[in-house]
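Read-outs throughout are calculated quantities, based only on the coordinates presented, and are distinct from any laboratory measurement. Treat the numbers as computed from the prediction; the structure is a model and nothing was measured. All Cβ positions, glycine included, derive from the backbone under ideal geometry; neighbour counts span all protein chains shown.
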Amino acid sequence: MTATLVKETDPPPVAAARGPRPRRRGRIIALLFAFPALLLLGALVVYPVLFSIGRSFFDASGTRFVGGENYTEMFRDPATLNAVRNTAVWVVVAPALLTGLGLVLAVLVEKVRWATAFKLLLFMPMAVSFLAAGIIFRLAYDEDPDKGVLNAAVVSVHDAFRGTSPYPEGRAREGGTLTRSPDGSYRTGTGVPPGNSLALPLVGVPPKDLPADARPAGPAAARKAAPGELRGVVYLDFTPGGGGERGRVDPRESGLPRAEVEAVRDGRTVASTTTAADGSFSFPALSAGSYTLTLPASNFARPYDGVSWLGPALVTPAIIGAYLWIWTGFAMVLIGAGLAALPRDALEAARMDGANEWQIFRRITVPLLAPVLTVVFVTLVINVMKVFDLVYIIAPGPVQQDATVLATQMWLVSFGGGNNQGLGSALGVLLLLLVVPAMVFNVRRFRRSQR
């Protein structure tokens, strides 16, 4: 009975807390806590957006109202149209590749013993600033194989399979035995019958670049040709330290090994050989007639310098490659988190039903990860629309316009020499309009997942 009286006489604690005044006080406290953040948001986001929208309706000086003229000019400017095209390439290619790579790596990492270390290595580029990453890849893409690591690898592979010309700087001395042909080869001026021995002098080859096995050409030049044999020596017509006679094989002059020599008759190559260490060559058992000795252009071809990664054709794919290096770890970690939350019983049930790993991946893993993949893809779309640092740093000046995107074009027009902040503001508004739908989609997707 006593317990009942206490229960009836005590005021309900919930009722005491209700009323308009406590609710109003709670809202005021919440606003006070949010005010600094709202102030920063207004100063750093809202005001610049509104100012840019207003500035886009004025001319370059900002004194004359021009209405929509900047927006019209924006779509007449070839550089801006190129930036729009490049941005479209970025939006289509980069997020799709990153999402696909992140998905594949996230699935494979689950089967690796050192999964944590592997994830750490892939995520490390996220700690590198875009400025530093741009400098790294600018050096990596350098066209000089002695500087650019990618071209060094490409040249090494090319030379391993195709070889390289032995004397790219070699040439015949003017007024000498050899004359240059339009195709870059050198040949004797007159026909030579078998039974003769010729000396074919070349210049332009630095002595330090001679092959290590090169031997003096003098003894070989002194040998006489046998009947029916056409022989000779290809040598460097230069005596170290000076001296010697032009066009004559001197004792200290070196032969040029591994040079290709052809015997040509009636416009057709009837025999070919390569020179020995002392530069000597021989065509035995030739039929009677007159032959022209030819040093093919392959002896003097310029060395393969690799790929022009930062040329007009490849500069955008090259920069996208640098972007992939930075963001693949981000996509892999997010997708890996979604993969860890998948119901394992569904995967095990599929395996028990006889499904192979590819079928499980395609019909179970990917559909269950669809929400995560969508969030990653849309987040990357928003990110690539704003890419600026990599494009500005990696693309050399002559191809800057070939690689430009909306963000770099906006900067170039406004501050990089164009000094037209009206047009630059219009580009900024265009970029905002392109980003907002993706942001709204992402926010709605996030709220839907929270429910």
#### Entry: Long-range HN-HN contacts of THR177 with modeled amide H, under 5 Å
none
### Task
Kindly write out, for the range 311-319 in residue order, the coupling ³J(HN,Hα) from the Karplus curve 6.51 cos²θ - 1.76 cosθ + 1.60 (θ = phi - 60°), rounded to whole Hz, with x marking Gly and Pro.
x, x, 7, 10, 5, 5, x, 5, 5
### Query
Hey, what angle do you get for helix 78-109 against the long axis of the chain, alpha-carbon based, 0 to 90 degrees rounded to 10?
80 degrees
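Taking the Cα centre of the range 178-299 as the origin, how large is its charge dipole in debye, to the nearest 20, when only Lys and Arg (+1) and Asp and Glu (-1) carry charge on their Cβ atoms? Please report the intermediate quantities before stating the final value.
Values: 13 positive and 12 negative charges, 32 e Å.
Charge dipole of the range 178-299: 160 debye, to the nearest 20.
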### Query
Tally Lys/Arg at +1 and Asp/Glu at -1 over every other residue whose Cβ is under 15 Å from the Cβ of VAL109; what's the total?
+1
### Query
How much net charge surrounds SER425 when only the other residues with a Cβ under 13 Å from the Cβ of SER425 are counted, with Lys and Arg +1 and Asp and Glu -1?
-2
### Task
Would you mind working out the magnitude of the charge dipole of the chain relative to its Cα centre, with +1 at each Lys and Arg C-beta and -1 at each Asp and Glu C-beta, to the nearest 20 Debye?
2060 debye
## Note on the structure
Here the range 440-449 yields Karplus 3J(HN,Hα) values (6.51, -1.76, 1.60; θ = phi - 60°; whole Hz; Gly and Pro given as x) of 4, 4, 5, 5, 5, 5, 5, 5, 5, 5
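Note down the net charge around THR404, summing +1 for each Lys or Arg and -1 for each Asp or Glu among other residues with Cβ under 12 Å from its Cβ.
Neighbourhood net charge equals -1.
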### Message
As an exercise, use a Förster radius of 25 Å and the Cβ-Cβ distance of LEU433 and LEU44 to find the FRET efficiency, rounded to the nearest 0.05.
### Response
0.80
### Summary
Inter-part gap, Cα centre of the range 403-441 to Cα centre of the range 145-189, in whole angstrom, is 47 Å
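Which order do the peptides 331-342, 347-358, 65-76 come out in when sorted by mean C-beta neighbours inside 10 angstrom, highest first?
Working: 331-342: 17.8, 347-358: 11.7, 65-76: 14.3.
Result, highest mean first: 331-342, 65-76, 347-358.
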### Message
Principal axis extents for the range 178-299, Cα atoms only, whole Å, descending order, please.
### Response
42, 32, 24
### Summary
The long-range amide H neighbours of LEU198, using H built 1.01 Å from N in the peptide plane and a cut-off of under 5 Å, are ARG231, GLY232, VAL233
### Query
Using alpha carbons only, how many degrees (0 to 90, rounded to 10) separate the axis of helix 149-162 from the longest principal axis of the chain?
40 degrees
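Would you mind getting the Kirkwood hydrodynamic radius of the chain from its Cα pairs, rounded to one decimal in Å?
Taking every pair of different Cα atoms in the chain, averaging 1/r and inverting gives 29.7 Å.
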### Query
Extent of the range 328-451 along each principal axis, from alpha carbon coordinates, in Å, largest to smallest?
67, 35, 18
### Alpha carbon centroid spacing (whole Å) that separates the range 270-323 from the range 33-106
50 Å
### Message
Just to be sure I understand the curve: with the Debye formula and one point per C-alpha of the range 402-451, what is log10 I(q)/I(0) at q = 0.13 Å⁻¹?
### Response
-0.43
### Task
Calculate one ³J(HN,Hα) per residue across the range 343-352 by plugging θ = phi - 60° into the Karplus curve 6.51 cos²θ - 1.76 cosθ + 1.60, and present them in order as whole Hz with x for glycine and proline.
x, 5, 5, 5, 5, 5, 5, 5, 5, 5
#### Entry: Along principal axes, Cα extents of the range 377-419, largest first, whole Å
34, 20, 14
#### Entry: Lys/Arg +1, Asp/Glu -1 at C-beta; the range 178-299 dipole; positive extreme among PRO193, ALA297, LEU256
PRO193
